[in-house]
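Notes follow the structure.
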Amino acid sequence: MAINDLLVIWDVDGTLLDAKGAGHRALARAIEEVTGKSTSLANMDVAGQSDRLLLELALRRVGKSPRLWETVRAAYEKSLDQELSQHGSDALPGVMEALKILGPARVLGTGNLEVGARLKLRHAGLGAHFQGGGYGDRHRTRAPLIRDAIKVGRRLFGRRLLPVIIGDTPRDAAAARMLHIPVVLVASGRFSVAELRAHGPIVLSGLQDPAAVLGAFTQAEASARRDG
Ligand SMILES: [Mg+2]
């Protein structure tokens with residue numbers, strides 16, 4: 001089957017799972033712990049951003065140097081674990097089935113810090129499904145962390161695989177465009193099907209319908225062959 005040739009690069013928040021705001025609460029708490037100043041991510045454009053960039057922006061907001069982000073990171077990771085233990089993290093509907101259909105050649109491509117991604121996945125019962133990926137620790141924008149994910153995926157699963165992104169925000173689509181790879185957009189996060197259609201031709205309303213998932217990735221695969 002065609003999709004055996006794909007390396008699927010999975011976004012985390014809004015695509016695989018819903019961490020129910022744990023990341024934002026943990027970030028605000030970590031900033032407060034380290035700087036003594038309270039902040040929130042309210043009216044910040046966070047969807048699909050890297051956590052490193054968000055930590056740096058939040059520090060600027062309270063008048064501190066973004067260089068403090070490494071210090072805030074440790075506090076953030078501890079708070080995130082506490083938040084997730086308390087409120088949980090839910091795998092989104094259809095995710096388990098989609099992982100099965102799309103096969104084992106998969107990596108994460110996420111703006112989360114690596115530790116944060118692992119915590120969210122573990123609390124959603126998805127920890128065992130991913131061996132590696134590209135994360136938001138080293139990059140402020142999405143395209144370079146997707147490049148990391150491709151490198152890791154090809155090392156793990158084979159150099160000839162065709163990368164395809166699955167994500168829930170216009171930033172996932174923008175990264176795909178920059179790297180000339182296809183993207184499957186899922187309206188399971190904060191953007192609707194209509195909003196996502198403006199950013200890419202392959203849009204799913206969710207992952208609940210296995211035939212639709214298979215169809216979307218078959219289409220992505222054809223487009224990867226055409227452009228690659
Ligand atoms: Mg997302």
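Evaluate the following for residue 139: is it in the same structural domain as residue 184 (by TED's automatic domain parsing) and over 16 Å from residue 16 (Cα atoms)? So residue 139 fits the description; yes. In region 151-159, the condition of being outside any loop (DSSP other than H, G, I, E, B), within 16 Å of the ligand (Cβ to nearest atom) and not aliphatic (A, V, I, L, M) is met by no residue. Here residue 83 passes the criteria (1) surrounded by fewer than 19 Cβ atoms within 10 Å (Cβ to Cβ); (2) touching a residue at least 40 places away in the same chain (Cβ under 8 Å); (3) of a type in the set (D, E, K, R) except the one numbered (1). Taken over region 98-130, the criterion of being surrounded by fewer than 22 Cβ atoms within 10 Å (Cβ to Cβ), in contact with a helix residue (DSSP H, G or I) (Cβ under 6 Å, 6 or more places away or on another chain) and not aliphatic (A, V, I, L, M) is satisfied by 127, 129. Of the helices (runs of 4 or more DSSP H) contained entirely in region 29-132, those carrying at least 1 residues that are of a type in the set (Lys, Arg), within 16 Å of the ligand (Cβ to nearest atom) and in the same structural domain as residue 153 (by TED's automatic domain parsing) fall at 114-123. Number of residues in region 1-28 that are of a type in the set (Gly, Ala, Ser), more than 14 Å from the ligand (Cβ to nearest atom) and in contact with a Gly (Cβ under 7 Å, 6 or more places away or on another chain) equals 0. Here residue 134 meets the list (1) crowded, with 24+ Cβ neighbours inside 10 Å; (2) within 21 Å of residue 223 (Cα to Cα) almost entirely, failing just condition (2).
On inspection, residue 209 qualifies as more than 18 Å from the chain's Cα centre (by Cα) and in contact (Cβ under 8 Å) with a residue 24 or more places away in the chain. Condition check for residue 206 on (1) part of a loop (DSSP other than H, G, I, E, B); (2) at pLDDT below 95: one failure, at (2).
The values are calculated or read from the model by the stated rules, or taken from the named source; none is laboratory data. Note that the structure is a prediction, hence the values are computed from the model and not measured. Cβ atoms come from the backbone with ideal geometry, glycine included; neighbour counts cover every protein chain shown.
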